[in-house]
Amino acid sequence: MKKLNFALTISALFILVGCGTSRDYTPPADASGEKIFSSACTECHKPLSADVAMVLSEKVANKEAIIKKFQSGSMRMPAFKNIQGEAADRLAEYVLTNSQVK
């Protein structure tokens, strides 16, 4: 039992570390917000349904906060520094349009 707990703990740590680093993903110039979300975000953020990408708190349910979050990252989320300009705007718009706000 101790070996199983240890193995599960190590697996969880690898998953968390993998989601908390910077990513080199650069979207194609003409990529839609949906395509960028699918390529960059769904490894950790599985869509909740066909029309709901994620749930946002009111605090981050605005374009500027969303862009800052995916460009800066956090302890549990990698930074996507290569998503800039119009691509960043398209991704933020997609997330806002396709999310529930709580």
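The values are calculated or read from the model by the stated rules, or taken from the named source; none is laboratory data. What you see is a predicted model; the values in this text were computed from it and never measured. When we count neighbours, we look across all protein chains shown, and the Cβ atoms used for this are built from the backbone with ideal geometry, even at glycine.
Within the set of pairs 6 or more residues apart or between chains, which connect a residue that is within 14 Å of residue 41 (Cβ to Cβ) inside the range 88-102 to a residue that is at pLDDT 95 or above and acidic (Asp, Glu) with Cβ atoms less than 6 Å apart? Note: pairs meeting the criteria are 94/34.
Does residue 3 qualify as being part of a helix (DSSP H, G or I), under 12 Å from the mean Cα position of the chain (by Cα) and either modelled with pLDDT under 95 or loosely packed, with under 15 Cβ neighbours inside 10 Å (or both)? No.
Candidates in the range 28-54 are the residues that are assigned to a loop (DSSP other than H, G, I, E, B), closer than 14 Å to residue 92 by Cα and of a type in the set (A, V, I, L, M); of these, the one that is farthest from the chain's Cα centre (by Cα) is 31.
Would you confirm, using the coordinates I've provided, whether residue 68 is part of a loop (DSSP other than H, G, I, E, B), over 17 Å from residue 100 (Cα atoms) and modelled with pLDDT of 95 or more? In short, no. If the condition is being in contact (Cβ under 8 Å) with a residue 40 or more places away in the chain, more than 14 Å from residue 93 (Cβ to Cβ) and of a type outside the set (Val, Ile, Thr), then the range 55-82 contributes 57, 58, 73, 74, 75, 76, 77, 78, 79, 80, 81, 82. Take the residues of the range 56-102 that are within 12 Å of the chain's Cα centre (by Cα) and among the β-branched types (Val, Ile, Thr): which is surrounded by the most Cβ atoms within 10 Å (Cβ to Cβ)? The selected residue is 95.
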